[in-house]
Amino acid sequence: MDQLSDRIKSLPSSATLAMAAKARELRAEGKDIIGLSLGEPDFNTPDFIKEAAIQAVNDNYNSYSPVDGYVDLKEAVCLKFKRDNGLDYKPNQIVVSTGAKQSIANVAQVLLNPGDEILLPAPYWVSYSAIATLCEATYKEIPSSIENDFKITPEQLEAAITPKTKMIFFNSPNNPSGTIYSEEEYRALAKVLEKYPDIYILSDEIYEHISYGAKNFSFAAIPNMYDRTITVNGLAKAFAMTGWRIGYIGAPEWIAKACTKMQGQITSGTNCIAQRAAITALTESPERIQFMVEEFKERRDLILKLLGDIEGFQCNVPEGAFYVFPNVSAFFGKTFRGKTINTASDFAMYLLEEANVATVTGEAFGNSNCIRISYAASTEQIIEAVKRIKEALS
Ligand code: GLU
């Protein structure tokens, strides 16, 4: 153990994956756990995408692919950026990676030096801070609260900037809060960033299609942000393709080139079958996946209604993604069977042990009053889970 590097010793485990693993372990022991911890659509990958993958196998796609992705996939990504986001990217600005997580890690590795600082509007996805730490960069959280719909203000952004600030990791629709910034709010934040031309923006738009009315905007759509924005997206969430591992960036060419160099030493090109399937997924109209979004919306409405009946849960209305992020601090200080719930982590652990429901503590997302509940689960599971939570809390 002691022989491990300081790097890995100081790296926290991914809280989302750790909770999913814990739920799996308890299930293997015979416990009836309902897993609402992982952000993973419970749908199967649509048939038209699976068929493209089968075709790719039969067409003998089995060799190394170009490190940055097949050219026709990069063209499909450009088409998607134009069609869905109004963004003009050329194939030499695109890098396809093994999931958006690798895309983000690549960008961090090529832009951050030890001692650089990144800004994280909180709550934020668990791996942003860990990825920055791996680069020996530091991170500064910009807090938000349920009262302002988990959005940061331009004033907060400006106050957080220091001479060390190198990047901001921005995520809308947001994991874990479901918050979507409006175009006007994007522009107001960009106005601040305009004054600091050395700050780069990583705009994580992986949940863009999972939105219940409000259309997400893109930082790169603001002309003087384009040259310093890295737009991250992927297929996992919208196309129910979590295990296929396809993410991508659109970025200034010099950043894309550097990410390709990084990836060339770590993983090489992404899985070739998944890439061929991704071409089909991205070239088809987003209409073909709308049925899943509609289903998620019904589940959101359902879980909000059910949680609304539990005294002590305070929720906002998430406009996108598939999570609710209730404030559960009303339960802090309560004791059961000799154990006191003092934190969101204690609360999530209590739900796991007493209700057999897996959620994730908000502490992992930079908010210590909330827990994250994923409603990417069946209606029956949602109803049963909230019933159990209510009983355990009564
Ligand atoms: N992004 C998903 C989540 O937040 C998947 C797990 C992970 O990679 O963190 O649950």
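Just so it is clear, none of the values below were taken in a lab; they were calculated from the coordinates. Since the model is a prediction, treat every value here as computed from it, not as a measurement. Positions of Cβ are backbone-derived with ideal geometry, glycine not excepted, and every protein chain shown enters the neighbour counts.
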Q: Taking the dipole about the Cα centre of the chain, with the C-beta of Lys and Arg at +1 and of Asp and Glu at -1, give me whichever of P46, A137, I118 is farthest to the positive side.
A: A137
**Q.** Zone residues, region 307-343, relative to S145, backbone N less than 15 Å from point 7 Å out along Cα-to-Cβ
**A.** 314-316, 327-330
Q) Where the centre of each part is set by its Cα atoms, how far does region 323-343 sit from region 1-47, in angstrom? A) 22 Å
Q.
Placing +1 on the Cβ of each Lys and Arg and -1 on the Cβ of each Asp and Glu in region 186-254, which of N216, V232, I246 has its Cα farthest towards the positive end of the resulting dipole?
A. N216
Q: Enumerate by residue number the chymotrypsin sites (Phe, Trp or Tyr not before Pro) in region 12-78 meeting two conditions: DSSP loop (anything except H, G, I, E, B), and at most 10 other Cβ atoms within 10 Å of the site's Cβ.
A: Y64
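Can you figure out the FRET efficiency of Y64 with E184, using R₀ = 41 Å and their beta-carbon distance, to the nearest 0.05?
Working: r = 45 Å, r/R0 = 1.11.
Computed FRET efficiency for Y64 and E184 comes out at 0.35.
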Q: List every residue whose amide H lies under 5 Å from the amide H of I142, counting only residues 5 or more places away in sequence or on a different chain, with H placed 1.01 Å from N in the peptide plane.
A: L120, A122
Q) Given labels modelled 7 Å from the Cα in the Cβ direction, how far is it in nm from F43 to R27? A) 2.1 nm
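Is there a quick way to get the dipole size of the chain? I mean about its Cα centre, with the Cβ of Lys and Arg at +1 and of Asp and Glu at -1; what is the value in debye to the nearest 20? Before the final figure, lay out each step's value.
On the way: 39 positive and 49 negative charges, 108 e Å.
Dipole size: approximately 520 debye.
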Q) For region 337-394, what size does the Cα cloud have along each of its three principal axes, sorted from largest down, in whole Å? A) 30, 28, 14
Q. Around G234, which amide H atoms from residues at least 5 apart in sequence, or from another chain, sit under 5 Å from its own amide H, with H modelled in the peptide plane?
A. Y248
Q. Expressed in whole Å with the largest first, what are the equivalent ellipsoid semi-axes of the chain derived from the C-alpha gyration tensor as the square root of 5 times each eigenvalue?
A. 33, 25, 21
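Would you mind working out the magnitude of the charge dipole of region 158-221 relative to its Cα centre, with +1 at each Lys and Arg C-beta and -1 at each Asp and Glu C-beta, to the nearest 20 Debye?
Working: 6 positive and 9 negative charges, 36 e Å.
Value, rounded to 20: 180 debye.
Tell me the Kirkwood hydrodynamic radius of region 156-236 in angstroms, computed as one over the mean inverse distance between distinct C-alpha pairs. Mind dumping the intermediate values first?
Working: mean 1/r = 0.0763 Å⁻¹.
About 13.1 Å, per the Kirkwood formula over Cα pairs.
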**Q.** Under 16 Å from the Q290 label point (7 Å along Cα→beta-carbon), backbone N, region 187-219
**A.** 209-216
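Would you please calculate the Kirkwood hydrodynamic radius of region 238-373 over all C-alpha pairs and express it in Å, rounded to one decimal? Walk me through the numbers before you get to the answer.
Values: mean 1/r = 0.0540 Å⁻¹.
18.5 Å is the Kirkwood radius here.
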Q: Give the range of the longest stretch in the chain that excludes all trypsin sites (Lys or Arg not before Pro) found in loop regions by DSSP and having at most 10 other beta-carbon atoms within 10 Å.
A: 1-194
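To the nearest 500 deg cm²/dmol, what mean residue ellipticity at 222 nm is calculated for the chain from DSSP H runs of n ≥ 4 alone, each contributing -39,500 (n - 2.57), summed and divided by the residues?
Values: 14 runs with 161 residues, N = 394.
So the calculated ellipticity at 222 nm is -12500 deg cm²/dmol.
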Q: Treating only the Cβ atoms of Lys and Arg (+1) and Asp and Glu (-1) as charged, compute the dipole magnitude of region 277-335 about its Cα centre; round to the nearest 20 debye.
A: 240 debye
